[in-house]
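The block underneath contains the structure these notes are about, expressed in structure tokens.
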Amino acid sequence: MTSRSGALRLGTRRSLLATTQSQLVADAYTERTGRAVELVGVTTFGDVTKAHLAQLGGTGVFVSALRDKLVEGEIDFAVHSLKDLPTRQDPRFTLAALPARHDHRDALVGTHKFADLAPGARVGTGSPRRVAMLSALRPDLEYVAIRGNADTRIGKVNSGELDAVVLASAGLHRIGRDAEIAQIFEVEELLPAPGQGALAVECRADRADVIEFLRVLDDPRTRSAVTAERALLAALEAGCAAPVGAFAADDGHTLNLTAVVVSIDGRETVRKSAAGSPSEAANLGRLLAAEMIAEGADRLMGEHSH
Ligand SMILES: NCc1[nH]cc(CCC(=O)O)c1CC(=O)O
């Protein structure tokens with residue numbers, strides 16, 4: 001509450017996805033509390049050097065620039081894509097709210113559905129997880145590593161350089177590009193990244209006042225689901241580039257978690273599900289990870305672990 005107007009200051013990167021996500025959270029906060037939120041643009045090193053860093057394990061660059069502003073007291077909170085946040089908790093910060101997740105799935109952008117792509121068609125994605133799982137379904141397609149924001153990626157389809165690209169459905173909806181979706185993959189076909197589609201509202205752990213204000217944005221069922229997904233990812237000791245998919249859903253009574261680890265060529269898979277109490281979400285994730293490791297999941301991850 002340190003802006004002159006008394007509004008909470010929300011620091012945001014300047015990309016279209018980041019500003020849209022921040023505005024969504026700001027609007028939800030204002031709607032629920034009647035209080036204003038002031039958006040503060042933060043230019044990060046990662047934004048200046050464009051897409052390259054984001055692929056070189058550089059998502060941390062985006063996160064840490066906003067965290068620096070939290071530490072300096074220039075902003076009160078920040079909104080991240082949860083799947084870009086490292087699973088290792090930094091004790092200086094807390095996830096004050098995990099708003100309701102609306103779509104966790106991956107989407108195919110292009111003119112054809114996945115099954116209708118011609119053999120040899122070129123499908124763009126920068127994610128080893130997506131390549132591994134899609135290769136298992138369609139080993140006859142060519143998977144092309146691509147970088148950059150959604151706009152750049154979709155541009156490669158419109159220019160004819162690629163036949164399709166795979167992106168998170170949630171991001172496409174948020175930036176208003178959902179009309180270009182040819183197909184949404186169900187989790188039986190393509191398990192999303194842990195935390196995909198969820199937003200993380202982060203503030204300093206020592207700001208009890210801000211934590212209290214932001215609590216209204218938290219959705220307990222989303223929190224238990226993504227807690228299980230991220231505990232599993234952490235227990236697998238998988239790096240952000242590892243071919244790990246996970247999805248959990250909390251119906252209010254039971255938390256169901258499904259996870260998969262795929263070898264990079266898509267030929268070998270360890271896929272398992274477990275159910276438990278939402279209050280034991282982290283334990284459920286760790287338990288399932290241990291079972292998957294016992295079945296060889298760590299060997300499949302190979303060079304992509306850590
Ligand atoms: N890794 C980049 C990233 N981080 C969050 C999203 C989309 C929104 C989300 O998953 O919450 C994306 C793009 C994508 O994977 O298509």
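The values are calculated or read from the model by the stated rules, or taken from the named source; none is laboratory data. These numbers come from a predicted model, not from an experiment. Cβ sites come from the backbone with ideal geometry, for glycine too, and all protein chains shown count toward neighbours.
Table for the structure above
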quantity	calculated
When residues of segment 132-156 are limited to those that are more than 15 Å from the ligand (Cβ to nearest atom), in a loop (DSSP other than H, G, I, E, B) and not basic (Lys, Arg), the one nearest to VAL260 (Cα to Cα)	PRO139
Top-ranked residue in segment 77-95 [being β-branched (Val, Ile, Thr) and assigned to a strand (DSSP E or B); ranked as nearest to SER224 (Cα to Cα)]	THR94
Some residue of segment 3-26 being modelled with pLDDT under 90 and within 16 Å of ASP84 (Cβ to Cβ)	no
Filter result (farther than 14 Å from ALA164 by Cα and in contact with a Phe, Trp or Tyr (Cβ under 8 Å, 6 or more places away or on another chain)) within segment 136-149	LEU137
Tally, over segment 197-213, of residues that are more than 14 Å from the ligand (Cβ to nearest atom) and either surrounded by 24 or more Cβ atoms within 10 Å (Cβ to Cβ) or assigned to a strand (DSSP E or B) (or both)	3
First in segment 77-91 and in contact (Cβ under 8 Å) with a residue 40 or more places away in the chain and closer than 15 Å to SER15 by Cα, second anywhere and assigned to a loop (DSSP other than H, G, I, E, B) and away from the ligand (no atom under 13 Å from the Cβ), Cβ under 9 Å, 6 or more apart	ALA78/VAL42
Any hit, segment 169-178, residues being more than 14 Å from the ligand (Cβ to nearest atom) and among the aliphatic types (A, V, I, L, M)	no
Matching residues in segment 71-90 - criterion: being surrounded by fewer than 21 Cβ atoms within 10 Å (Cβ to Cβ) and either within 11 Å of the ligand (Cβ to nearest atom) or under 16 Å from ALA18 (Cβ atoms) (or both)	ASP84
One residue from VAL166, VAL109 being touching a residue at least 60 places away in the same chain (Cβ under 8 Å), within 23 Å of ALA18 (Cβ to Cβ) and in contact with a Lys or Arg (Cβ under 6 Å, 6 or more places away or on another chain)	VAL166
Some residue of segment 174-193 being part of a helix (DSSP H, G or I) and buried (at least 21 other Cβ atoms within 10 Å of the Cβ)	yes
Segment 181-195 residues that are farther than 18 Å from GLY266 by Cα, paired with ones that are of a type in the set (Lys, Arg) (beta carbon under 9 Å, 6 or more apart)	ALA182/LYS113; GLN183/LYS113; ILE184/ARG105; PRO194/LYS83; PRO194/ARG230; GLY195/LYS83; GLY195/ARG101; GLY195/ARG230
Residue, surrounded by the fewest Cβ atoms within 10 Å (Cβ to Cβ), within segment 55-70, restricted to residues that are hydrophobic (A, V, I, L, M, F, W, C) and free of Cβ contacts under 8 Å to residues at least 40 places away in the same chain	LEU56
